[in-house]
Amino acid sequence: MSKLKNLEDLFHHELKDLYSAEKQLIEALPKMAETASDPKLRSAFELHLEQTKAQKERLEKVCEIVGISPGRTKCKAMEGLVEEGQSMIDEKAEPEVKDAGLIASAQRIEHYEISGYGTAAHYAERLGHQEAFQLLKETLEEEKNTDSKLNKLAKGWINQKAE
């Protein structure tokens, strides 16, 4: 592992971490969608899978813009979050309760991504990588919207059905 000497190095590190996170999420979301019993929740996971694939491609473009390879870094935080989601999938629970738990797991993931993309976007802007900043900001807004949609599903009826 190379030494991080400046904000540019840290920015590159963050991009590689986010790329790994997106790759792991692309593997996890189909399982979450398959497990969800509520059709709107299943649809939300399926939509987010397509969005995540586009976000991964967007990250590849950002890496190309700043002249790095996304590499083979393993995002340990996402690995843990995905494991928690898998634990919920494996849990013996009533379908409505499992749906509420899946939303909780998914929102933890979204909050991690919001944090990561917010940080990377700030670094890009600070370092003068305007095109990268715009792409990262676009993904940040998508992550915030996904979190909001999950929140509406949870508060709208899924948590109530789990009572």
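When the charge dipole of the chain is built from unit charges on Cβ atoms (+1 for Lys and Arg, -1 for Asp and Glu) and taken about the Cα centre, the candidate among 49, 6, 139 whose Cα reaches farthest toward its positive end is 6. To the nearest Å, what is the center-to-center distance of region 7-28 and region 63-116, using C-alpha atoms only? Taking the Cα centre of region 63-116 as reference, the centre of region 7-28 is 13 Å away. Taking Cα centre as origin and charging only the Cβ of basic (Lys, Arg, +1) and acidic (Asp, Glu, -1) residues, the dipole magnitude of the chain rounds to 200 debye.
Dividing the summed helix terms, -39500 (n - 2.57) for each DSSP H run of n ≥ 4, by the number of residues in the chain produces a 222 nm estimate of -28000 deg cm²/dmol to the nearest 500.
Legend: ranking of residues 133, 45 from fewest to most surrounding C-beta atoms inside 10 Å; resulting order 133, 45.
Rounded to whole numbers, the Karplus 3J(HN,Hα) couplings from phi for region 94-105 are 4, x, 5, 5, 4, 4, 4, x, 5, 4, 4, 4 Hz, using 6.51 cos²θ - 1.76 cosθ + 1.60 with θ = phi - 60°, and x at Gly and Pro. For the chain, the longest principal axis of the Cα atoms and the long axis of helix 7-35 meet at an angle of about 20 degrees. Per-residue Cβ neighbour counts within 10 Å put 14, 113 in the sequence 14, 113, beginning with the fewest.
If packing is taken as the average count of other Cβ atoms within 10 Å, what order do 65-76, 147-158, 114-125 fall into, highest mean first?
The most tightly packed comes first, giving 114-125, 147-158, 65-76.
Across region 81-90, rounded Karplus estimates of 3J(HN,Hα) from the backbone phi angles (6.51 cos²θ - 1.76 cosθ + 1.60, θ = phi - 60°) give 5, 5, 4, 4, x, 5, 4, 5, 4, 7 Hz, Gly and Pro being marked x.
Computed from the coordinates by the stated procedures, all read-outs in this text should not be read as laboratory data. All values reported here derive from a predicted model rather than from experimental measurement. Every residue, glycine among them, receives a Cβ derived from its backbone with ideal geometry; neighbour counts consider all protein chains shown.
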